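Reviewing the structure listed below.
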Amino acid sequence: MAAYLSRLHHISLHVSNVNKIAYDLVSKFKFDFFAARLTEKTGQYAFRRGSAVFLVNEKSNLVGHELTIPGGQSDEVTSVPSFHLTDNRTRIGDKTSELHEQSLLYDHYPNYSVDTACNVCFEVENVERSFNALRDQGCQILVPPKKVHDDNGFVTYFIIKSVVGNVCHTLLDRSKYHGIFLPQFDELENSSELLSPNASLCPITHFDHITYACPRRSTAEVMKWYEKHFGFQRFFIDSNEDVNEGYVLDQDGIGLRLTAMEYWKCSEMGIKLPFKKSVEPDCKFVIAESLPEQGKNQVDTFLEQHRGPGIQHIGLYTGDIVKTAQTMAKAGVEFFCPPPAYYSEVGKRHEIESAGYDPQKLSEHGILLDTAPDKEATPKPSTERYLLQVFTKPIFAEDTFFLELIERRGATGFGEGNIRALWRSVQAYMENEKEHTEKHKSDSVSLKTGQC
Ligand SMILES: O=C(O)C(=O)Cc1ccc(O)cc1
Ligand SMILES: [Fe+2]
């Protein structure tokens, strides 16, 4: 029996420069910094927008380290006020010393040499039952069941290693916890989502999908692992997709195999958000493999620079991609842009206009639009179904992890046109980057700057 996952709780990052990532998440991506845990040995910081929560863990033991998160850069956006975590150190230190708990909670040190997003944490209804089931199925246990409490109740959790590179999963039960995040975390004052000015400018509601970069011919093993242990089911990206081969794009320089999965409970009935009365849509998992015939590509680059398989990107769902991209670009987020011809090509122009968008507006930030094939529209409505996406440049020092904004207007899958356009823009960036490094042009304009 598989573990019974009820919802995605947060995704953990392990980074060496917490200040940089915290700054980017708050000032550029407009996430709210809402909870923190700081001990003599470690710092853990939680950021959220809607139900999308990132837990940023400090990679090294920086004692006396001070994190300052500045306010927003733009005039209209007053962001989280400056916050010095050193102020809280004594308080959290006092709490933890009672428990003699100084190291990371809800995660483990991955001892990874580069910055990485590597723990996808789920809520489960019964930690003991899930643990027994996964242990009996032979899963590798990284942290056995553990109970953590504070004045607001308690949480139990354990951590298992997945079959994808350094990716692991914390499975936790927080049904007996009434605090804002997790026990031993301090809530930041004024962290209420309702008060956040960013909610309307960046209406991100949840994680839409998580994409893994995996080695060639490993997809079947990954699928099998998630089916067996978590009860994931196949999500067909395209109606012509071969069950065994996945969705294959293998021409014109694009060599990519995509296979997607979703977790069954969410796909069948949806999950209630703890704070809101609405139903939280599911988060899909996409496995990306590169194909050898088309030469080295972005998946290979990820595997090389990340030093193994892992989370390549995360799709953040937004109710208004144009507004969100505009706000983020203004704050300094850089997006991958397709070739300018993408927006002037007659067919695409017409497609964009038919969807009610201005090609010029979309082109400003590299937003891609795809119309879902007719067969997806059941029963066929008078309006078509669209998918809009835009991809940020890598957010760590290496060409590894990046974020994506995605808005679905009826379309539930992944658009072939968007994948091709994304692929080309990432390839162009990486080739430029390579040339740039090879020629050692230290005085040339940085490729990581500039608008579309
Ligand atoms: O289209 C999406 O959002 C995907 O997630 C598919 C995808 C996966 C990996 C790539 O390198 C490019 C595209
Ligand atoms: Fe994606």
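Mind listing whichever residues of the stretch 230-256 are surrounded by fewer than 15 Cβ atoms within 10 Å (Cβ to Cβ) and not in a strand (DSSP E or B)? Matches in the stretch 230-256: Phe236, Ser239, Asn240, Val243, Asn244, Glu245, Asp252, Gly253. Outside any strand (DSSP E or B) and in contact with a Lys or Arg (Cβ under 9 Å, 6 or more places away or on another chain): does that describe Phe154? Criteria not met by Phe154. The sole residue among Gln312, Gln298, Gln305 that is near ligand 1 (Cβ under 10 Å from one of its atoms), of a type in the set (S, T, N, Q) and either at pLDDT 95 or above or under 30 Å from Ser200 (Cα atoms) (or both) is Gln312. Taking first residues from the stretch 280-302 that are in contact (Cβ under 8 Å) with a residue 24 or more places away in the chain and closer than 21 Å to Ile406 by Cβ and partners that are away from ligand 2 (no atom under 15 Å from the Cβ) and among the hydrophobic types (A, V, I, L, M, F, W, C), the Cβ contacts under 6 Å between residues at least 6 apart in sequence or on separate chains come to Glu280/Ile271; Glu280/Leu273; Cys283/Leu8; Ile287/Val222. Taking Asn166 as the residue in question, decide whether it is under 26 Å from Val114 (Cα atoms) and either within 16 Å of ligand 2 (Cβ to nearest atom) or not hydrophobic (A, V, I, L, M, F, W, C) (or both). Answer is yes for this residue.
Filtering Asp173, Asp136, Asp186 for residues that are among the charged types (D, E, K, R), away from ligand 2 (no atom under 16 Å from the Cβ) and over 19 Å from Ser51 (Cα atoms) leaves a single hit, Asp136. Screening Gly310, Gly315 for residues that are more than 13 Å from ligand 2 (Cβ to nearest atom), crowded, with 20+ Cβ neighbours inside 10 Å and within 20 Å of Ile210 (Cα to Cα) leaves exactly one candidate, Gly310.
The single condition from (1) under 22 Å from Cys283 (Cα atoms); (2) surrounded by 16 or more Cβ atoms within 10 Å (Cβ to Cβ); (3) in contact with a helix residue (DSSP H, G or I) (Cβ under 9 Å, 6 or more places away or on another chain); (4) of a type outside the set (Gly, Ala, Ser) that Phe185 fails is (1). Of Leu403, Leu422, all but one fail to be out of contact with any helix residue (DSSP H, G or I) (no Cβ under 6 Å at 6 or more places or on another chain), within 16 Å of ligand 2 (Cβ to nearest atom) and at pLDDT below 85; the exception is Leu422. Among the residues in the stretch 173-196, are any within 16 Å of ligand 1 (Cβ to nearest atom) and either more than 21 Å from Ala35 (Cβ to Cβ) or acidic (Asp, Glu) (or both)? The answer is no, given that none of the residues of the stretch 173-196 is within 16 Å of ligand 1 (Cβ to nearest atom) and either more than 21 Å from Ala35 (Cβ to Cβ) or acidic (Asp, Glu) (or both). Of the residues making up the stretch 112-144, those that are under 24 Å from Thr400 (Cβ atoms) and β-branched (Val, Ile, Thr) are Val114, Thr116, Val120.
The residues of the stretch 1-14 that are of a type in the set (A, V, I, L, M, F, W, C) and either crowded, with 22+ Cβ neighbours inside 10 Å or part of a helix (DSSP H, G or I) (or both), listed by number, are Ala3, Leu5, Leu8, Leu13.
The set of residues in the stretch 315-343 that are assigned to a helix (DSSP H, G or I) and either in contact (Cβ under 8 Å) with a residue 12 or more places away in the chain or within 16 Å of ligand 1 (Cβ to nearest atom) (or both) comprises Ile321, Val322, Lys323, Thr324, Ala325, Gln326, Thr327, Met328, Ala329, Lys330, Tyr342, Tyr343.
The values are calculated or read from the model by the stated rules, or taken from the named source; none is laboratory data. For clarity, every value in this text was computed on a predicted model and none was experimentally measured. Reconstructed Cβ throughout: ideal geometry from the backbone, glycine too, with neighbour counts over all protein chains shown.
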